[in-house]
1. Working with all protein chains in place, sort A:Y321, A:Y56, A:Y592, A:Y544 by solvent-accessible area computed with a 1.4 Å probe, largest first.
2. Quick one: Debye curve from the alpha-carbon atoms of chain A only, equal weights, vacuum; give me log10 I(q)/I(0) at q = 0.06, 0.08, 0.11 Å⁻¹ to two decimals.
3. Using packing as a proxy for protection, rank A:791-802, A:720-731 so that the peptide with the highest average count of other Cβ atoms within 10 Å comes first.
4. Keeping every protein chain present and rolling a 1.4 Å probe, give me the accessible area per residue for chain A in Å².
5. Give me the percent of the accessible area of chain A that comes from carbon and sulfur atoms, probe 1.4 Å, all protein chains in place.
6. Just to check I understand the Karplus step: with θ = phi - 60° and J = 6.51 cos²θ - 1.76 cosθ + 1.60, what whole-Hz values come out for the stretch A:342-349, glycine and proline as x?
7. Apply the Karplus parameterisation 6.51 cos²θ - 1.76 cosθ + 1.60, with θ equal to phi minus 60°, to every residue of the stretch A:78-87 and state each ³J(HN,Hα) to the nearest whole Hz, in sequence, with x for glycine and proline.
8. Counting Lys and Arg as +1 and Asp and Glu as -1, each charge on the Cβ, what is the dipole of the stretch A:770-811 about the Cα centre in debye, to the nearest 20?
Amino acid sequence: MEETYDPGKVEPKWQAVWKEKNSNRTITQTAHKKFYCLEMFPYPSGKIHMGHVRNYAIGDVIARYKRMQGYDVLHPMGWDAFGMPAENAAIKHGVHPSQWTHENISYMKTQLNKLGLSYDWDREVTTCTPEYYRWNQWFFIKMLEKDLAYRKSSYVNWCPSCTTVLANEQVIDTQCWRCDSIVVQKELEQWFLRITRYAEELLAACDGLTGWPEKVVLMQKNWIGKSYGVEVDFRIDGMDESIRIFTTRQDTLFGATFLCLSPNHPLASRLVPDTAELETVTAHYGKADEKIGLFTGHYCINPMNNEKIPVYIANFVLMEYGTGAIMSVPAHDQRDFDFAKKYNLPIRTVIVPEQERSGSEPRSSELHEAYEDEGVLVGSGMFSGTESAEARRKIAEFIEEKKIGKKVVNYKLRDWGISRQRYWGTPIPVVYCNSCGIVPVPEKDLPVILPEDVTFTGTGGSPLLEAESFIKTTCPSCGGAARRETDTMDTFVDSSWYFIAYCFSNGDIDFSSLNGERHSELKHWMPVDQYIGGVEHAVLHLLYSRFFTRVVRDLGIIDYSEPFQNLLTQGMVIKDGAKMSKSKGNVVDPDYLIDKYGSDTSRLFSLFAAPPEKDLDWSDKGVEGAYRFLNRVWNLVCKNINEIKSADPAESGVINPLDIPEPGRSLLRKTHQTIKKVTTDIEREYHFNTAIAALMELVNQTVSFEPQDKKDWLVFRFAVENILRLLFPFTPHMTEELWSLVNGQKSLSEEAWPVWDEETAKMDEIELVIQVNGKLRGKLMIPRGLSDEEIKQTAMSDAKVLEAIGSKAIRKVIIVKGKLINLVIGE
RNA sequence: GCCGGAGUGGCGGAAUUGGCAGACGCAAGGGACUUAAAAUCCCUCGUCAGCAAUGGCGUACCGGUUCGAGUCCGGUCUCCGGCACCA
């Protein structure tokens, strides 16, 4: 019976058993409590990395733990399968993106199964299949109907050599990541989703995200970026035209000494007809290095004091935020200050710190930098003497009364541009007809299939531009000749609703003909109870998903607004002080690790080395330690298997602690304490590292226990059975094998999570810590339930304590029940 | 610059509500077993003083509150993350 621990034998065996028994299938019983456990699905890049192992190990422990607790668990997995790398592989190696992607998926799926992850593969989704992406198109059509999708012209990163648009992430230091050409800004017609319609709701609901890390909620809030301010019209002198500016600092309006327009502002080209001149500023638009300005020759009138101030075009003014025009108050804004210094413009102080309020004169000459803090207004007409915050309120009122502007709320959040000039993505389902214009593809004609028969050159933009049979179509409206949209969707669209797709049984996604049963499936499983993934998605993916969930809600499909009840952002896997990455050459290959130690060891180490939300420092020696521990457990069971089996299982669960002498009694107590500790550690923010540490303590104590008689063996068996149950979610294969040796037929995956008995878990005696003036002076074992006076007398009987007290008088006695006594003595 | 987070042994990390600092693991040193090695087992392991019992010091730094502070408050330093010309 004394076999050595061989994960290479044990792990495939149990993976086959689980598959055969279909242990991981989703059971939907609406009367049961449900738990939807979801890990972020991977991009099928080729192989999984340690970050995946960590992410999925965390999710698998939670899923298995919840199943043992009697929940119906939904634990699905899928593939975020559209995207650039597949297209690059096509260009580089001549393999079709579809083939490349599906081969990767197939390999990575075997890797995930080798890790023993308990996914219900019946619900697998792959976003590059027509069955999946048709719903991207369907949602897009629905959003068009609701005016949530629209087309507009905007500036994008354009590589003139590859003739394609680049995502921001693909622009490295103003150069194209592929060909190193200088990327230029180009105005293009693009499709947008109107996420800004939900800006206020998305922001307000942030406060309800109590199951999310505060940091992530804050990042979402900052990204949405709400601010309160005013818009004010400045009339252009000598023209029947005015410029509308936005500011949050209307308290500084009297300090405006010039006005700046974005080079992309519609008025810019009218005020500066010389395009060459305007181009000198435009070329530096949005670049943080230097401030470039151009005087337009025009002036406008500050409506607060009727002052004439010059109008500039300035490269640092963003067209995308506010109105694309600002008033410049160099005394109280560092950017305006820098600009004023460069172009020799006046600087006028209108806010002074509180302590300088008494009769201060404006002191523009002294300023070395802008004073951006709050203060008291000076030189501001009827508002002088008012404190900043109060002045902002009053001036906003004044502006509205005089009808020179209005109060506004602004958001940094912009509409989501989803057009990509790439092949490997969801075709945007619209056609362009010469007579009807933009026509959506009717629902019945979906999906618009991405053609497979295209050529990849890497130049000349998307291969779809050359696919005449795809492009040429007929207008659904008039039947005339029409051209298809050749842009595809941003892949973030795919991942914005995949968690809803998993709720359909058998992977049979269908939003358009929801009957009662299908509806109730969605209702039953949504929202996700626990979502787990990397913090790098803290803004985009999570925000898009929150947006999409609301759109789906407003289509009447679900009645939840928030997709993810609880969010766990796991830390990175670090080795030698840096994130594991191919370029750093510090990767550990999961395949190698599984071959050498098995997946149980790999899982255990990645869960033990750090709490999930923190970065994990990889240590090869630490992995050895995890492997050693599993060997200890293995030997603990195998070396004692006959004695364990002969202890009656019916009795071992109901041992009366009073019948057991020490040290068996102590082991029994430890077992109950460990059940409690592991359970509460998992419940408390998934602190698996301390849960595993507690199990190691129990294993150590069990190993050193030497049973003397039958009662002792009952205690031993009880400890062993609980070690296996508690360890099962972490290392399912090894514990299944040992469980089958100890307990026969029933699989551990069908067993319940153990419960502890509070009374047995309690110590007979407590250790009393004795302090004198807060310093540790002694420890004593005392019976539970002594009175305060008895505790004091006991403490005072200790020789070391008496010595520490000496002849001094006791002034005060502080007793913490069951823990500590502090004797406070005089000097 | 703004907004977060974190600083605990040689290392990863524990310490649940203000109550024994360093659980558990790794590394290191010593020993047992062995012809030998691996594996395994036992002991030591914050720091200073001491043969020892024991005592002093110690959770980035300075100060405060408290009978008592890794934990709370004020200030300083360092590191990490996010955003960044958002008017």
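1. Numbers: A:Y321 65, A:Y56 0, A:Y592 120, A:Y544 30 Å².
The most accessible residue leads, giving A:Y592, A:Y321, A:Y544, A:Y56.
2. For the requested q values the scattering log ratios are -0.58, -0.91, -1.24.
3. Numbers: A:791-802: 15.4, A:720-731: 24.1.
Result, highest mean Cβ count within 10 Å first: A:720-731, A:791-802.
4. On the way: 36820 Å² over 827 residues.
Accessible area per residue, chain A: 45 Å².
5. Values: 18230 of 36820 Å².
After summing per-atom areas, the C and S share lands at 50 percent.
6. 5, 9, 6, 9, x, 10, 10, 6
7. x, 9, 8, 9, 8, x, 4, x, 5, 5
8. Details: 8 positive and 5 negative charges, 46 e Å.
Dipole of the stretch A:770-811, to the nearest 20 debye: 220 debye.
The values are calculated or read from the model by the stated rules, or taken from the named source; none is laboratory data. What you see is a predicted model, and the numbers here were worked out from it, not measured in a lab. Counting neighbours? That spans all protein chains shown, and the Cβs are built from the backbone with ideal geometry, glycine included. These accessible areas exclude ligands, DNA and RNA; they are computed on the full protein's heavy atoms, side chains included. Shrake-Rupley method; radii C 1.70, N 1.55, O 1.52, S 1.80 Å.
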